[in-house]
2 protein chains.
Amino acid sequence: MTQPIVPLIMCGGAGTRLWPLSREGWPKQFIALFGEHSTFQDTMLRVADRARFARPVIVTNAAYRFIVREQLDEIGADADILLEPMRKDSGPAIAAGTAFAVAREADAVVLALAADHVVRDRDAFTAACAAALPVARDGHIVTFGIAPTQASTAYGYIRPGKAIAGAVRKVAQFVEKPDEAIAARYVADGYFWNSGNFMFRAETLLEEYRSVDADSVAAVTAAVETAGRDLGFVTLDPEAFARAKPISIDYAVMETTARAAVIALSCGWSDVGSWRAVWELSPKDADGNAARGTAVFDDARDCNVIADDAVVALEGVDDLVVVATGDAVLVARQQNGGLKRLVAKLKAVVPRVTESHLKVHRPWGSYQSLDAGDRHQVKRIVVKPGGRLSLQKHHHRSEHWIVVRGTAAVTVDETVRTVHENESVYIPIGATHRLENPGKIPLELIEVQTGSYLGEDDIVRIEDDYRRP
Amino acid sequence: MTQPIVPLIMCGGAGTRLWPLSREGWPKQFIALFGEHSTFQDTMLRVADRARFARPVIVTNAAYRFIVREQLDEIGADADILLEPMRKDSGPAIAAGTAFAVAREADAVVLALAADHVVRDRDAFTAACAAALPVARDGHIVTFGIAPTQASTAYGYIRPGKAIAGAVRKVAQFVEKPDEAIAARYVADGYFWNSGNFMFRAETLLEEYRSVDADSVAAVTAAVETAGRDLGFVTLDPEAFARAKPISIDYAVMETTARAAVIALSCGWSDVGSWRAVWELSPKDADGNAARGTAVFDDARDCNVIADDAVVALEGVDDLVVVATGDAVLVARQQNGGLKRLVAKLKAVVPRVTESHLKVHRPWGSYQSLDAGDRHQVKRIVVKPGGRLSLQKHHHRSEHWIVVRGTAAVTVDETVRTVHENESVYIPIGATHRLENPGKIPLELIEVQTGSYLGEDDIVRIEDDYRRP
């Protein structure tokens with residue numbers, strides 16, 4: 001009996017191609033684009049069978065650590081969570097996860113998966129993993145090649161070479177994203193899309209990477225060896241990790257190694273790289289219109305509406321994506337090559353809407369601003385069962401809290417009291433205070449702040465369960 | 001010295017062509033589409049010169065009485081305000097206003113104006129009124145004909161006949177909205193657009209109307225004679241008014257009378273009958289894009305964005321109107337012939353967004369829902385200086401009020417207390433209570449309701465300054 005495959009889930013990216021749903025603070029892989037789970041959660045569920053897959057290793061950015069923990073809790077999954085102290089592209093991230101896997105299990109076979117891809121046919125995926133395993137164990141780096149469904153110009157292609165074992169073949173060549181004419185030829189010639197998901201023996205990958213850039217592998221390995229542990233997270237050593245050269249795994253390893261193999265995969269795959277891809281994956285009415293939220297169409301075709309709260313009405317238009325969130329509305333051609341440029345413009349004009357959502361997640365729960373005036377702000381605050389905000393005080397504002405669901409334990413200076421639904425409590429300016437949910441259901445409260453300055457940075461943290469500055 | 005012209009302002013309409021800004025509860029004529037004033041206010045200001053114009057008569061729907069009063073107060077204007085108990089189209093409305101004018105001033109000359117039109121050149125308008133006056137006094141019904149700026153198919157046309165006096169000519173014929181080819185011929189032949197604004201001796205109009213439908217004129221005249229007075233409004237008698245036949249003034253009088261005259265008017269006129277008309281009247285950037293609120297354009301041309309709070313971003317589109325309000329977003333071709341159909345669909349699916357805005361106006365001020373959950377709702381309430389809500393109680397909810405600006409006088413059962421900024425008060429379920437602004441600046445408060453039922457209809461009114469049921 002051989003040991004199972006170690007899934008290595010890469011979820012540190014901060015893509016802008018699905019703005020305004022995807023934002024820096026809560027990017028695409030954590031959004032439930034289809035159904036109830038995020039693509040990160042679906043990716044975790046895809047490797048949940050412990051007979052085939054070992055405990056996963058997750059590599060993410062430190063900024064996303066509490067999102068990852070929360071989304072794992074939601075699906076009852078667990079994993080080793082490695083925190084990158086800074087972004088270094090996929091090469092160092094995969095190398096770090098691989099070094100961690102090999103430290104945990106000598107001779108590990110690693111399955112490196114992007115957390116923001118859709119796979120509709122889980123069985124086909126599992127079967128491809130099973131077919132790739134012996135070839136990977138044999139010392140190949142097996143990449144999952146997607147059988148093209150169209151002559152796409154959005155992906156790199158793989159030219160397959162001679163057979164290795166069963167459906168697994170040598171990689172003859174990785175080729176860059178083509179133009180349309182060349183893409184059509186590639187498809188006719190049996191090339192695959194490069195999905196950016198791989199299987200390999202940990203040692204194979206590290207050897208190949210080392211042969212190209214030994215210093216970076218040494219840096220990453222050191223970052224794993226001297227990693228800290230904090231609140232259950234593995235914190236890669238910042239000084240060591242900083243020495244790794246930022247590079248994608250394709251450039252670092254795949255395009256140079258002689259050990260690349262490819263297995264064809266037909267599993268309803270998409271990297272959901274554009275709003276058009278979301279539309280393609282969504283159920284549509286007879287006019288080709290897709291809708292999430294309340295949408296009304298008149299004389300509209302092939303449109304995609306995603307609406308948080310507002311009703312969205314379309315008239316006399318076609319091929320548009322309309323995304324209406326509380327603080328930002330996108331109206332764009334579905335085939336939106338310009339979205340990256342648009343988001344760059346937004347970042348210059350109103351950076352707030354590229355950075356975070358109206359609803360801001362915290363390790364203890366979330367808050368959302370409901371109203372803001374010159375001298376007041378209203379927020380809805382949700383605290384998870386057992387969650388506890390930092391012990392804090394404010395220089396410039398007082399706060400009224402009205403509990404509308406659940407039970408709060410509220411500390412104000414020396415006193416602690418329990419506040420129930422439909423009760424309120426007042427936090428005078430300058431008072432040391434803390435909010436906690438001692439109950440079994442989420443605590444919801446409405447906070448009304450009044451004062452001369454209401455910025456998030458007017459928080460003096462005296463003590464914090466989550467070790468934030 | 002002859003007596004001045006009596007302006008008769010028609011502002012009872014509830015158009016849908018500018019949805020979602022225009023809604024039944026606060027329609028187009030009351031919206032500040034351009035600059036700080038609504039078209040109703042601009043219309044009032046256009047006839048503010050008391051040397052030329054007498055105290056205006058306003059005919060509006062009973063539902064809009066407090067909006068009219070508030071908008072008059074804002075511009076320091078006053079008028080006799082006639083309330084229609086029901087909608088009967090423009091014929092009975094103009095007849096009622098005219099009957100009221102003649103009762104106030106025998107031999108009155110009336111200037112009937114739509115409240116939802118834009119006139120950019122006020123001097124040209126005033127000059128046309130002066131030129132029309134002697135002809136109207138002479139017994140003609142003078143309609144203002146707009147010199148066409150394009151071969152529009154959106155208006156009825158007027159074929160002018162022989163000269164009467166100066167620039168005023170007989171009307172040879174009123175013609176229906178034409179198709180494009182015919183419109184072009186009309187323009188070449190010197191026809192005018194029918195603006196639907198008129199000047200006439202009161203007795204002339206009533207005589208002509210009587211010759212076609214004497215019963216309706218008798219009904220309307222009776223409704224004026226037996227009208228009540230309530231809070232300063234003139235309430236047309238519902239029983240009498242109900243007997244009038246609903247018909248437009250064009251059909252009732254203009255297309256049959258032999259006394260129709262027309263004066264050409266070039267005054268930057270628009271009836272703002274579509275979003276395209278709004279775009280035409282708005283300042284635009286080099287790409288032809290107009291924006292109110294925060295908009296970011298990339299590869300977009302000839303678009304119009306109106307955004308309340310959200311940032312609106314457009315990419316790769318042209319000739320669109322995008323209107324983003326807190327609860328409804330419209331995306332449509334600017335030349336939106338289908339908007340009426342779209343709003344009819346919306347009325348079936350989500351009538352709320354066709355009926356009222358998120359911000360609901362009341363005679364004492366306004367409120368806006370900020371957040372709604374299963375068992376709680378949060379509102380921002382603004383009470384005008386001197387404003388007072390009804391003495392009321394609720395069966396199903398308690399309320400927390402936090403004053404964030406100004407000072408409140410709060411009655412709870414037998415006690416009255418003054419509540420200042422940053423203070424709160426609790427209204428237990430079932431308690432008789434009242435909110436009043438005794439101060440000189442607007443009172444703003446945040447209301448947090450909790451309870452099992454939070455509908456607006458859970459109000460038992462015990463006493464009300466504004467005589468609402």
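The values are calculated or read from the model by the stated rules, or taken from the named source; none is laboratory data. This one's a predicted model, so the numbers in the text were calculated from it and none came from an experiment. In this analysis, Cβ positions are derived from the backbone assuming ideal geometry, glycine residues included, and neighbour counts consider all displayed protein chains.
Remarks
- Candidates A:A290, A:A295, A:A264, A:A286: the one that is more than 29 Å from B:V343 (Cα to Cα) and among the aliphatic types (A, V, I, L, M) is A:A264.
- Among residues of the stretch B:370-391 that are within 14 Å of chain A (Cβ to nearest Cβ), those with a Cβ under 8 angstrom from a residue that is small (G, A, S) and in a loop (DSSP other than H, G, I, E, B), sequence gap 6+ or separate chain, pair up as B:R375/B:S452.
- The set of residues in the stretch B:1-34 that are farther than 21 Å from B:A79 by Cβ and out of contact with any helix residue (DSSP H, G or I) (no Cβ under 8 Å at 6 or more places or on another chain) contains only B:M1.
- Against the criterion of being more than 14 Å from chain A (Cβ to nearest Cβ) and outside any loop (DSSP other than H, G, I, E, B), B:A240 qualifies.
- Residues satisfying the stated conditions in the stretch B:415-440, i.e. within 13 Å of chain A (Cβ to nearest Cβ) and under 13 Å from B:W401 (Cα atoms): B:V419, B:H420, B:E421, B:N422, B:E423, B:S424, B:V425, B:Y426, B:I427, B:P428
- Scanning the stretch B:280-307 for residues that are under 20 Å from A:L320 (Cβ atoms) and in contact (Cβ under 8 Å) with a residue 60 or more places away in the chain turns up just one, B:I306.
- Residue list for the stretch B:376-386, restricted to those being surrounded by 20 or more Cβ atoms within 10 Å (Cβ to Cβ) and closer than 12 Å to B:I441 by Cβ: B:V382, B:V383
- When we screen A:A307, A:A324 for residues that are within 18 Å of B:I306 (Cβ to Cβ), in the same structural domain as A:D287 (by TED's automatic domain parsing) and surrounded by fewer than 23 Cβ atoms within 10 Å (Cβ to Cβ), the only hit is A:A307.
- Selection status of A:P283, part of a loop (DSSP other than H, G, I, E, B), of a type outside the set (G, A, S) and either touching a Ser or Thr at 6+ places or on another chain (Cβ under 9 Å) or within 26 Å of A:V57 (Cβ to Cβ) (or both): no
- Only listed residue being on the phi > 0 side of the Ramachandran plot, touching a strand residue (DSSP E or B) at 6+ places or on another chain (Cβ under 7 Å) and in contact (Cβ under 8 Å) with a residue 60 or more places away in the chain, chosen from B:G145, B:G139: B:G139
- Scanning the stretch B:60-71 turns up at least one residue that is in a helix (DSSP H, G or I), surrounded by fewer than 22 Cβ atoms within 10 Å (Cβ to Cβ) and modelled with pLDDT of 95 or more.
- In the stretch B:308-330, the condition of being touching a residue at least 12 places away in the same chain (Cβ under 8 Å) and away from every other protein chain (no Cβ under 14 Å) is met by no residue.
- Put simply, of A:F192, A:F144 the only residue that is buried (at least 22 other Cβ atoms within 10 Å of the Cβ) and farther than 28 Å from A:L82 by Cβ is A:F192.
- Of all the criteria given as (1) out of contact with any helix residue (DSSP H, G or I) (no Cβ under 8 Å at 6 or more places or on another chain); (2) within 14 Å of chain B (Cβ to nearest Cβ), the one not satisfied by A:T354 is (1).
- As a summary of the residue check, B:V410 satisfies the conditions (1) within 29 Å of B:N437 (Cβ to Cβ); (2) within 11 Å of chain A (Cβ to nearest Cβ); (3) among the β-branched types (V, I, T) except for the one numbered (2).
- Verdict on B:V296 being touching a strand residue (DSSP E or B) at 6+ places or on another chain (Cβ under 6 Å) and within 7 Å of chain A (Cβ to nearest Cβ): yes
- Within the stretch B:359-374, the residues that satisfy the criterion of being over 18 Å from B:V404 (Cβ atoms) and crowded, with 17+ Cβ neighbours inside 10 Å are B:H361, B:R362, B:P363.
- In the stretch A:265-279, the residues that are small (G, A, S), within 26 Å of A:G326 (Cβ to Cβ) and outside any loop (DSSP other than H, G, I, E, B): A:A277
- Residue in the stretch A:40-54 that is within 30 Å of A:D215 (Cα to Cα), outside any loop (DSSP other than H, G, I, E, B) and among the aromatic types (F, W, Y) present: no
- Residue among B:A93, B:A112, B:A101 that alone is buried (at least 24 other Cβ atoms within 10 Å of the Cβ), at pLDDT 95 or above, touching a Phe, Trp or Tyr at 6+ places or on another chain (Cβ under 7 Å) and not in a loop (DSSP other than H, G, I, E, B): B:A112
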